[in-house]
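Enquirer: Before I ask anything, here is the structure I am working with.
Bear in mind that the values in this text are calculations on the coordinates, not laboratory data. Please read all numbers here as calculations on a predicted model, not as lab measurements. FYI the Cβ positions are ideal-geometry reconstructions off the backbone, even for glycines, and counts take in every protein chain you see.
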Amino acid sequence: MVWVSAVLSLWYCHMVGKIISKGAIRFFAILPVILFFFFLPLNLFTIWLGGPTSFFLAWLANFKLLLFAFGQGPLSTYPLPLSFPYFVSLACLPIKFQHNPQKSVGAQRSKGNGHKSPVNYGLKIIVLAITAPIYLQKDQIHPKIVLVLYCVYLYIGLELVLAVVASFARVYLRLELEPQFHEPYLATSLQDFWGRRWNLMVSSILHPTVYNPVKSISSRLIGRKWAALPGVVASFLVSGIMHELIFYYIGRKQPTWELTCFFVLHGISLAIEIVIKKSFNGKWRLPAVVSWLLALAFVVVTALWLFMPQVLYAEFDVKARREFIAFINFVKDIAADSRFKSFITLTKA
């Protein structure tokens, strides 16, 4: 019912886009749907259904609809007229189309960041399978090691889930799609990690909805040279608030705002990094190995300090394991019932 409601709401937005021109009037016509999408995930209490739905509707769809209201974003920039199936897919799924697939794929291959091979995903699944038994003994392992393992699970799990979603969309829409992750553990700076490697879909949504407007306002106040800094901090602040909301949908626990602190800290640190780079004007750089170690250490340490404890606080692992076991038992019960009915039928025969 949640997704039926969402699809009907998006059908309404699709019709509004045909009838009402971009601007304030279209925004106020779509605003009830945006507010409704914040409410819909509250009707789901499972991590396997509620988690993705809250991300797809409350974050992706709402931000894209906000851009659509003013004639921007993927719902407006893709060659029009946009059919309803494409509109729904672009609004909800963590995907974006490549406007020139062959050229983009060639460019990605030249840079070494194209779509990953099955071997790449296979190796990550193997890592997940090897480390999973270790995590099951978490009561006998140091808490920090447990959090590190959870970081690994979170990254691999997110990448695999988003890859599956993108694969279905690629088959269904028959268009080449942008990759969502580009080996974030190889980042040589915070700018590289957040801008070019980690969850690229979120970055592409925050850029036009938060970064660009704040940068435009700041350029008139502090000049163009440093206008990007408030835009960066504002983007991370919004990201932190949205993470608090998603975590609430899944865990239904009062926010502690540590997630917001994590993202604001990274936003300020990234702003400092930009200032340093502009001050030296590219004349001095750390060796690649050193910058890689510093970036990776900063991300891991701050994640273990502020981000991952919130994952445990929301009990993602407990809920996911409980729901997975319940699903397996459900399938077993159905199979057992089918075998029993088959046995009765054969007995009667």
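Enquirer: Could you work out how much longer the chain between Lys332 and Trp257 gets when fully extended? Use 0.36 nm per residue separation minus the Cα distance between them, nm to one decimal.
Expert: Numbers: separation 75, 0.36 × 75 = 27.00 nm, distance 4.10 nm.
So the extension gain works out to 22.9 nm.
Enquirer: Which of these, His207, His142, His14, has the largest mean-square fluctuation under a Gaussian network model of the chain (Cα springs below 10 Å)?
Expert: Sorting by GNM fluctuation, first place goes to His142.
Enquirer: Using a 10 angstrom cutoff on alpha carbons, build the Gaussian network for the chain and name the most mobile of Ser189, Ser338, Ser83.
Expert: Of the options given, Ser338 has the highest mean-square fluctuation.
Enquirer: Taking a threshold of 27 Å on the Cα-Cα distance, which of the pairs Lys64/Lys215; Lys138/Lys319; Lys22/Lys116 fall above it?
Expert: Values: Lys64/Lys215 19 Å; Lys138/Lys319 16 Å; Lys22/Lys116 38 Å.
Over 27 Å apart, Cα to Cα: Lys22/Lys116.
Enquirer: Then there is this: Using 16 Å as the cut-off for backbone N distance, which residues of the stretch 52-70 belong to the label zone defined by a point 7 Å from the Cα of Leu80 along Cα→Cβ?
Expert: Taking a point 7 Å out along Cα→Cβ of Leu80, the residues of the stretch 52-70 whose backbone N falls under 16 Å are 65-70.
Enquirer: When a footprinting reagent is the concern and you count Cβ atoms within 10 Å, what order do Cys261, Cys151, Cys92 take, fewest first? Present the calculation step by step, with values, prior to reporting the outcome.
Expert: Working: Cys261 15, Cys151 18, Cys92 23.
By the 10 Å Cβ count, ascending: Cys261, Cys151, Cys92.
Enquirer: Based on other C-beta atoms within 10 Å, arrange Glu183, Glu159 from fewest to most. Intermediate values should be presented prior to the final figure.
Expert: Numbers: Glu183 14, Glu159 20.
By the 10 Å Cβ count, ascending: Glu183, Glu159.
Enquirer: If neighbour count is taken as other Cβ atoms inside 10 Å, put Ile25, Ile268 in order from fewest to most.
Expert: Numbers: Ile25 12, Ile268 15.
Neighbour counts put them in this order, fewest first: Ile25, Ile268.
Enquirer: Between the stretch 125-149 and the stretch 233-292, what is the separation of their alpha carbon centroids in Å?
Expert: If you average the Cα positions of each part, the centres end up 26 Å apart.
Enquirer: Tell me what the chain gives for mean residue ellipticity at 222 nm when only DSSP H runs of n ≥ 4 count, each as -39,500 (n - 2.57), the sum divided by the residue total, rounded to 500 deg cm²/dmol.
Expert: Details: 17 runs with 250 residues, N = 349.
About -23500 deg cm²/dmol.
Enquirer: Can you spot the aspartates and glutamates whose alpha carbon is less than 16 Å from Lys283's alpha carbon? Ignore those fewer than 8 places along the same chain.
Expert: Candidates past the 8-residue exclusion: Glu273.
Enquirer: Starting from one equal scatterer on each C-alpha and no solvent at all, send me the Debye-based log10 I(q)/I(0) for the stretch 222-349 at q = 0.09, 0.16, 0.19, 0.23 Å⁻¹, two decimals.
Expert: Debye curve over Cα of the stretch 222-349, log10 I(q)/I(0) at q = 0.09, 0.16, 0.19, 0.23 Å⁻¹: -0.49, -0.93, -1.09, -1.27.
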